[in-house]
Every structure is written in structure tokens, then in C-alpha cells.
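See structure below.
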Amino acid sequence: MTATQFDVNGRSYETGETPVVVICIDGSEPAYHEEAIQAGRMPWLKRLLAGDGVSWDAHCAVPTLTNPNNMSIATGQPPAVHGICGNYILDPATGEEVLMNDPKFLRAPTIFAAAGAAGLDVAIVTAKDKLSRLLATGVTQPGLDPAGSGEYVTPQRRGICFSAEKADQTTMAEHGIEGALEYVGRELAGVYSAELSEFVLAAGVKLLEDRRPDVMYLTLTDYIQHKNAPGTPVANDFYAMIDHYASELDRLGAVVVITADHGMSPKHHESDGTPRVVYLEEEVNAVLGLDAEAGDQGSRVILPITDPYTVHHGALGSFANVYLPVGSDRDSVIATLAAREGISQVMPSEEAAERFQMPLDRMGDITVLSAKNTALGRFTAWHDLTNLEVPLRSHGGLGELNIPFFVNRQLPAPASLATTDIDGGDALCHNYDAFWVATTLASQSASVPA
């Protein structure tokens, strides 16, 4: 591998002669690694924090959800640029509520597409298959031209992109690798398991050993974090597993950046473990003088956390977009919701789009964020909570904004990259700076490997 430079989405990336690996730990509230280190379960990370590398305060993108943040990491920009503002949206083109897994929703090329066009070898392994279609654009499938023409183009250099969830179904034509399950040498993991994330990391180590991609992205699932609080035995076991594989990637010589797509917070009553929820459609319709379930005549609440994995969260998160009936008094609705216990932020979506760097045309009339210990729902009957196996833990709002950011190099702290003052915090960077740090900053630094 020789030094290579490429530009995409207004940022410049410069690789050195060392492969770079970014790991996204889904749902990694900082307390998880802090507790695991305290318990003696993450010796590699403890050495990194003691001086072998660096750790910076970081924020994720808003909403603090999986799809928006993975695509922010993948593009190096917030949702206002790449357009993926939820797992689930009201499509303004059709008026239908849809999962935001289709590449047609992506408005910017990825770093991976640009790296491939520059002649670099790219490998991406996801836990859930829902992300692989978006991340594969420009890598194994046609995607937006990284040169910025706005056209869809076939990748100039094919990479690898597949999910652990469907590792038994990979083909060279679709994923850039045949028989990934056999290649990694592990059994197919259940989607609701820690093993799904372990498969991703094991695949990353195998690929680095055999193929040595120039740029690799490994993104996990937050099943463990939704079910287990920081410091619990299951959580510590999970983070010990991550520590083991990160140390292997480090041993193999890669620049390793570890970050997260969002944090995780308890959203339940301590007394009995039942979910603590504000059902927005009921609240808004009451302000409008309508029945709780007014249907097409009433408000429409979109919960962008919604995805097929209902065991995780029952579609209850901390961020919502509200669509009002024509002629509604928006100011009255905002004033009423602002006074509601459990709601931390409510504002016109124009203000939210500017503040949180989101695409306004996909946001509705009002944007609502809940308090850290509260979730947002539509109306009671819409949510099937029978699959929730433990007291609700979820994410989406500002309570889950703080995330880890580790690098296994002794790098100088860059001038602040966190240009949006979302909550008055002092974050040095965002998760979507990960590949810039792993490539450009690491290449320009005189630091030595950890």
C-alpha cells in the first residue's frame, strides 16, 4: 500500500502505508467500557488509555440512531449532507412510512466509494443486514459518483461488503466475497445475540490477516446494550470480547479507531420496570381537540428508531417527528408539549434541522426529543411491547449523544472538529471524523504504532 489521497463530500483523506480499521460499537454508552476496565476485562483498552493511544470526548450525530450515524461515519458528514435521518421515515415523495434501508435515500457518496475509486481495497462487515445495502453503494454495488457528478456509477474497484446476519448467503456478485460463513469459520449467529457482533470482529481479523484491506469498517449491533446495563456480567463479557479482537487488529498493525453510533439510556420506571413513555400522537391530538387515534384526520408521529428488530426497543426511542393536519396551531402544540414532563426539547423542525444538521424535507412540522430517562411513542395500541424481554433501554435523543472515541496511536488532538454546539458540551470530535482521523491525521502525525 502506498500513500494515497482522495476527496469526498468536501473533506480530504490521506492514507499512509498502514491499513485503517474503524470499529463502530453500536449503543456504546461510555460507562460500558469504563465499568469493563474497572472490572479488569479490557486490558488492551486500559493500556491504550494509559498512553499507548488517545481517547477524545466525542458526540454522535442527531438523531442518535443506527442508520443516521453509520452513514455519517461512512460519509464523513452529518445527516443534512447524506440524507439518512432515521431508520424509518415518512417518505415525502410518496407519503408512505418506510424503512430507510434503500440506497435511493442516500444523497452523498461514501468514503468507501471514494477510496475504491482511488485504487484502495475496501472491506465492510456489518452485524445487521439492514445497513449493508446502504454501505455497499459504490463498493460492491452501483452508487453515487464519488467525484460528485450526482450520477450513479459502477464501482471502479470492487470491495467487500456483507452482513453477519446473512453471512450464509454471500456471493461474489453481490457482496464481493463467496461463502463468507465458511471463510470466517464460525457458525451463523442469531440476530438477537452477542455472537452476531463477534462474527463481525472475527471476520475483520480474518480479512486483515489474509487480504489486508487498505480501509475497513466493522459495525456491530446493540442487542447487548439494549438488554444489559453497564457493569453487568453480560455487558462486561461483551466488552472483553471486543477488547480481544481490537487487540488482534492492533497486533496486525492497523490504525484502529473505535467509536459508537450512539449511547444508551434506561427508559423505564425503577419501581416496576415498566416503560416510561410519552405517547405523542395521543398528546398532540388532545391539543388539537381530536381523539387519541384520529387516524388520517389527526397528527402523524414518525419514530425514526423504528426497524424490524422489535425485541431491542419496541420502536420506543427518544426522537420523533410530528406531522400536523393542515391549518393546525403549531405554536400551541409546541407550547403544550414543552411543558410535558419527560420531554426535553420541542421545536419547529426548521430550527431542529439547522441545530442538528438534518434534512428538513424529511422531518415534518415539529421535532420532539425526550428526557434521558423517557421514551417517545405514537399511541398505546401501536406499540407491541410483548417482545420486550427486559426493562426498556433505548436511544435517539441528546441523552445518548456522548460516545467513546479511541485511537491506537499517540496522535495530537486536532483543532475542534465538533463544530455544532448541540448541548453545551465540549466534545472534541464527532464519530463521523473517524476515517479522517484514521487516515489523514494519522498519516500526518509522526507517532509510532502502539
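So, A246, is that one at pLDDT 95 or above, under 24 Å from E35 (Cα atoms) and touching a Phe, Trp or Tyr at 6+ places or on another chain (Cβ under 7 Å) or not? Here the answer is yes, as A246 does meet what is asked. Within region 314-331, the residues that satisfy the criterion of being over 30 Å from the mean Cα position of the chain (by Cα) and either within 17 Å of P63 (Cα to Cα) or at pLDDT 95 or above (or both) are R330, D331. Restricting T274, T221 to residues that are open to solvent by less than 10 Å² (accessible area, probe 1.4 Å) and either in contact (Cβ under 8 Å) with a residue 24 or more places away in the chain or not basic (K, R) (or both) narrows the list to T221.
Applying a threshold of 8 Å to beta carbon distances and a minimum spacing of six or more residues, or different chains, the list of pairs starting in region 422-445 at a residue that is aromatic (F, W, Y) and at pLDDT 85 or above and ending at one that is open to solvent by less than 40 Å² (accessible area, probe 1.4 Å) and assigned to a helix (DSSP H, G or I) reads Y432/N69; Y432/S72; Y432/I73; Y432/T75; F435/I73; F435/I111. All of (1) open to solvent by less than 10 Å² (accessible area, probe 1.4 Å); (2) over 20 Å from V22 (Cα atoms); (3) out of contact with any His (no Cβ under 7 Å at 6 or more places or on another chain); (4) not basic (K, R) hold for M216 with one exception: (2). Taken together, the residues in region 94-107 that are closer than 13 Å to L65 by Cβ and either in a strand (DSSP E or B) or β-branched (V, I, T) (or both) amount to 1. Residues of region 159-179 include at least one that is touching a residue at least 24 places away in the same chain (Cβ under 8 Å), open to solvent by 40 Å² or more (accessible area, probe 1.4 Å), under 22 Å from T75 (Cα atoms) and not in a loop (DSSP other than H, G, I, E, B).
The residues in region 384-400 that are outside any strand (DSSP E or B) and crowded, with 20+ Cβ neighbours inside 10 Å can be counted, and the count is 8.
Within region 317-330, is there a residue that is under 18 Å from K372 (Cβ atoms), part of a loop (DSSP other than H, G, I, E, B), in contact with a Pro (Cβ under 7 Å, 6 or more places away or on another chain) and open to solvent by less than 10 Å² (accessible area, probe 1.4 Å)? So far as region 317-330 goes, no, none of its residues is under 18 Å from K372 (Cβ atoms), part of a loop (DSSP other than H, G, I, E, B), in contact with a Pro (Cβ under 7 Å, 6 or more places away or on another chain) and open to solvent by less than 10 Å² (accessible area, probe 1.4 Å). Within region 117-129, does at least one residue satisfy the condition of being open to solvent by 50 Å² or more (accessible area, probe 1.4 Å), out of contact with any Phe, Trp or Tyr (no Cβ under 6 Å at 6 or more places or on another chain) and free of Cβ contacts under 8 Å to residues at least 60 places away in the same chain? Checked against the condition, which is being open to solvent by 50 Å² or more (accessible area, probe 1.4 Å), out of contact with any Phe, Trp or Tyr (no Cβ under 6 Å at 6 or more places or on another chain) and free of Cβ contacts under 8 Å to residues at least 60 places away in the same chain, region 117-129 yields no hits at all.
Contact annotation: residue pairs with Cβ atoms under 7 Å, 6 or more positions apart or on different chains, pairing a residue in region 41-55 that is under 14 Å from F405 (Cα atoms) with a partner that is acidic (D, E) and surrounded by 16 or more Cβ atoms within 10 Å (Cβ to Cβ), are L45/D243.
Here P19 clears all of (1) under 19 Å from the mean Cα position of the chain (by Cα); (2) modelled with pLDDT of 95 or more except the condition numbered (1).
Restricting region 226-253 to residues that are among the hydrophobic types (A, V, I, L, M, F, W, C) and either surrounded by fewer than 21 Cβ atoms within 10 Å (Cβ to Cβ) or over 23 Å from the mean Cα position of the chain (by Cα) (or both), the residue that is nearest to W44 (Cα to Cα) is A240. Looking only at strands (runs of 3 or more DSSP E) that lie completely in region 2-93, which have at least 3 residues being closer than 16 Å to N408 by Cα and either open to solvent by less than 10 Å² (accessible area, probe 1.4 Å) or of a type in the set (A, V, I, L, M) (or both)? Counting at least 3 such residues, we get 20-25.
Contact annotation: residue pairs with Cβ atoms under 6 Å, 6 or more positions apart or on different chains, pairing a residue in region 67-80 that is at positive phi with a partner that is of a type in the set (S, T, N, Q), are G76/N9. Residue check: R107 meets all listed conditions (1) in contact with a His (Cβ under 7 Å, 6 or more places away or on another chain); (2) open to solvent by less than 20 Å² (accessible area, probe 1.4 Å) but one, namely (2).
Residues A123, A136: which one is within 23 Å of the chain's Cα centre (by Cα) and under 18 Å from A202 (Cβ atoms)? The match here is A123. The number of residues in region 180-210 being under 24 Å from A113 (Cβ atoms) and open to solvent by 20 Å² or more (accessible area, probe 1.4 Å) comes to 3.
The values are calculated or read from the model by the stated rules, or taken from the named source; none is laboratory data. The shown structure was predicted, so the numbers you read here are calculated from the model rather than taken from an experiment. Methodologically, a virtual Cβ is constructed for each residue, glycine included, from the backbone with ideal geometry; neighbour enumeration extends over all protein chains shown. Heads up: the accessible areas ignore ligands, DNA and RNA and are worked out on the full protein's heavy atoms, side chains in. Shrake-Rupley method; radii C 1.70, N 1.55, O 1.52, S 1.80 Å.
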